[in-house]
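S.K.: Sending over a structure as structure tokens; questions will come in a sec.
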Amino acid sequence: MSNLSVDHLLGIKYLTTSDIELIFKTADNFKKIINQPIKKVPSLRDITIANLFFENSTRTKLSFELAEKRLSADVINFSSASSSVTKGETLLDTVNNILAMKVDIVVMRHPNPGASVFLSRNIDAKIVNAGDGTHEHPTQALLDAYSIREKYGEVKGKKIVIIGDILHSRVALSNIYCLQKLGAEVRVCGPSSLMPKHLDALNVSHFSDLKEALNWCDVANVLRIQLERQAVNYFPSLREYAMVYGINKNLLDSLGKEITIMHPGPINRGVELSSDVADSKHSIILDQVENGVANRMAVIYLLAGKIKNN
Ligand code: NCD
């Protein structure tokens, strides 16, 4: 297959396994390029991309921007804190105004689940979801699965536990879809109050006990507690959470095996991960960041190919 089965990247849910494999093969090529002295290709010289960030972001925004520039696209950036959204403009009006400037692809992060699906139905541009509230964060899941593939050769058959605030995490849902499509076994671990009710429907089982989870897995993908999304208290205190679900070096050393530690960032050091784990040889956190650029280049390149074919 030479292109994606979808016109937008709205969520991993909508991708086929072949789509994911195509993105990874394309990312393999881009990873080689960004490690050469000349890190750029002229592929998207005629494409204009708008990065619309209605919610805070550091690495995702920088990673998309770098990916777009490495493909030689023209890039415009917008963040809602400094925009007319604070003056009451609707999402559709904001985006239509930007599209009047002839934008081909919109990369959007938004606090509302479904915002990018809404946009894809209402405007004439390719949409990439860079995180929509608690719903999906597809490029994060792609770079996470790609990093596991890079470390182990394949994702199929690997045991991956996602630890922490599954209830409020778009990274968790996208990871579950992506890893399962690639044939991994996925489980989750954390306090019951931070587990969604639909875990059974996702075919994911739950560990309450951290050590049991770590002993089971090959890879632990550790998430941040999403305090900004929590309207009520889901656990007594961050200190207590860290005592029960924080991963430190002593705990890793007490396992009878080596496991790989991942984290999408930003890390709350001393809460979900101690520094000696985050910075240890077990951690592939910085590989994830590097792979983020290659995977975002792949997604944008493949979607842009669809524009030219139209
Ligand atoms: C994640 C996000 O924004 O969902 N971060 C990211 O994209 N690198 C996870 C988080 O905020 O904890």
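Nothing in this text is a laboratory measurement; each read-out follows from the coordinates by a stated rule. The structure presented is a predicted model; accordingly, all values stated were derived computationally and were not measured. Note: ideal-geometry Cβ built from the backbone for every residue, glycine included; neighbour counts use all protein chains shown.
S.K.: Taking springs between alpha-carbon atoms closer than 10 angstrom, which of Thr48, Thr90, Thr16 fluctuates most in the Gaussian network model of the chain?
M.R.: Thr90
S.K.: How far apart, in nanometres, would the label points at Ile33 and Asp200 be if each is projected 7 angstrom from Cα along the Cα-to-Cβ direction?
M.R.: Rounded to a tenth, the inter-label distance reads 4.8 nm.
S.K.: Given that compact globular proteins tend to follow 2.2 N^0.38 Å, what is the ratio of the alpha-carbon Rg of region 138-284 to that value?
M.R.: It is 0.96.
S.K.: What number does the chain give for Rg over Rh if you use C-alpha atoms and the Kirkwood radius?
M.R.: Rounded to two decimals, Rg over Rh is 0.97.
S.K.: Which longest run of the chain has no exposed loop site in it, a site being GluC sites (Glu not before Pro) in a DSSP loop with at most 15 other beta carbons within 10 Å, and the site itself not part of the run?
M.R.: Between exposed loop sites, the widest span is 155-257.
S.K.: Taking the Cα centroid of region 176-246 and of region 250-271, what is the distance between the two, rounded to the nearest whole Å?
M.R.: Centre-to-centre (Cα) distance: 14 Å.
S.K.: Another one. Using unit Cβ charges (K, R positive; D, E negative) and no other charged atoms, how large, in debye to the nearest 20, is the dipole of the chain about its Cα centre?
M.R.: Using Cβ point charges on Lys, Arg, Asp and Glu, the chain gives about 520 debye.
S.K.: Return the subset of Lys39/Lys249; Lys40/Lys151; Lys197/Lys281; Lys32/Lys69; Lys39/Lys151 for which the Cα-Cα distance in this structure is over 27 Å, preserving the input order.
M.R.: Lys39/Lys249; Lys197/Lys281
S.K.: Normalising by the residue count of region 176-251, find the relative contact order in percent from Cα pairs under 8 Å and 6+ residues apart.
M.R.: It rounds to 27 percent for region 176-251.
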